[in-house]
Structures are given as structure tokens and as C-alpha cells.
Amino acid sequence: MLSIPTIAIIIVVLYFLSAIKILAEYERGVIFRLGRVLPTPKGPGIILVFSPIDRMVRVSLRVETLEVPPQDVVTRDNVTVKVNAVIYFRVIDPIKAVIEVANFLYATSQLAQTTLRSVLGEVELDELLSQREKLNLRLQSVLDQHTGPWGVKVAMVEVKQVDLPDQMIRAIARQAEAERERRAKIIHAEGEYAAAERLAMAAELIQRQPAAIQLRYLQTLVEIGQEKNTTVVFPIPVDIFSGIRDLIDRAGSGGLQRGA
């Protein structure tokens, strides 16, 4: 039968064994001694927690991933969309994460939902669709400002998906089609303008050098001859028509004078 000193030694040994705690590299232990928090968190490695005097709260320092469920957002131009996002954050001050907020995971989740609705409700739909990176930085800044007193650092915020109503999808498709048609018409008009400029320059050059029109006639005959067809082309200068018109005018004026 064991003696009382032996039993006391066994109890003390078991107590010390139960006081040994092992914390991983990514964990820290916030120790409350008689209800008061110690100024420095413990870990990693082996630490001693003497219950019931001490109470330890484990806090992970790894990056946490929080998916914000789809939120109904009304943009500034009165378009209702569903938006969800992903938030990456980590604890940088374990003591604040324990004593400043009851549950920092739940609090960060609720804050992310309200911030997502408020920030995206201040922008228009086009900005929401085209300036996603700018909005991500703005959401991160707002969340980090509010979670900083909790010892939580928001590392990144990504707007994951934007669900649009079917009517709005069709309207955006029509807008994109109209934009493409507008660009096509502008490009066509610019091409016509450039061609008109070149033709005007060519006409001015031919006017200074009348022999150029004859060379152009010959070049046209060469191009037609390369096609190996039976078409016969007789180039007639335009000046002939003007000469014929002058003769007709003169003949008409002479007949009128004799009749008078």
C-alpha cells in the first residue's frame, strides 16, 4: 500500500504533467492568470499552464480564408446585383483578438458583409464591372481600418462574382453591339476620308502633269490584259467630250444667228 508522501508526489507529478502544453509554430497562447491577461502571449513550443490559476486561449496566426455569401447590392444607378467576395486575413495581435472582441471570425464575417453592401452601393454598375481591382483595394482599406483594433490584419479582398439580372445582361449585350457598330462606322468613315484625300492629291498631280493620265490609261490596259478576258477597252480622254460640247454650242449659236 502506498504511503501518503508517495501519493502526494504522484499527484504533484500528474499536476505538472497536466500543466505542460505544446503550441505549434503558428499558434500562440493567451494566458489569463487569476482573470488578468499576461502582457506577452506564450509559444510556440512547450509552455506551462497551471490550472485553475491559469487559463489559456489558443490563437492561430495563419491566414484565414472567409467567403462572404452573396449579398444583394443596389448600385448608385439603381441596378440590383448579387455580389460575393473572398477575404484573406490573419491575427497579428493575439491578445487584442481575444480580449477586444468575443469572436473575431464571426465579427469579421459580419463586418465584411455590411462593408461589401455599403461600398459597392456607392458605385455605378460600369465601375463595378470594369474597375474590380480598385474596388478590391477600397474594400480592403475599409475592412482593415475597422479590424485593426481587434488585432486582425486584412491581407486581401477579392470580389468573386457579380450576378446580373437577365434583362440587364441583354441590355449590356445590345450596348456592346451598338458600340461595335459605332466603331465600324467611324473606321469606315476615316477610310473614306483618307481615300478622298489621296484622290484629291492624285488629281492635283495629274493636273500639273497631263501626261500622267495617259500613263494611267496604259497601266489600266495592262491590268485588264493580265486577266486574259475578251473585253476590249478603248480609252477616250475626257477632254474630247468637252471639245464636242463646245462644237455643239458653237453650231447652235451660229444657227440662231442666221435665223435672226
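For this structure, a couple of remarks:
- Here the chain is treated as an ellipsoid with the same Cα gyration tensor; its semi-axes, largest first and in whole Å, are 94, 22, 15.
- The lysines whose alpha-carbon is closer than 17 Å to the alpha-carbon of Lys160, local same-chain residues fewer than 8 away aside, are Lys82, Lys134.
- With contacts taken as Cα pairs under 8 Å and at least 6 residues apart, the chain reaches a relative contact order of 14 percent.
- Between helix 4-19 and the chain: long-axis angle, C-alpha atoms, 0 to 90°, nearest 10: 10
- The GNM of the chain, with springs linking C-alpha atoms under 10 angstrom apart, assigns the highest mean-square fluctuation among Arg28, Arg36, Arg138 to Arg36.
- Against the main long axis of the alpha-carbon atoms of the chain, helix 132-147 sits at an angle near 20°.
- Region 166-208, dipole about Cα centre (Lys/Arg Cβ +1, Asp/Glu Cβ -1), debye to the nearest 20: 40
- Using alpha-carbon coordinates, inclination of helix 104-120 to the longest axis of the chain, degrees: 20
- Cα gyration tensor shape of region 4-59, rounded if a/c is under 1.5, else prolate or oblate by comparing a/b with b/c: oblate
Computed from the coordinates by the stated procedures, all read-outs in this text should not be read as laboratory data. Fair warning: this is a prediction, and the values are worked out from it, not measured in the lab. Don't worry about glycine lacking a Cβ; one is built from the backbone with ideal geometry, like all the others, and counts go over all protein chains shown.
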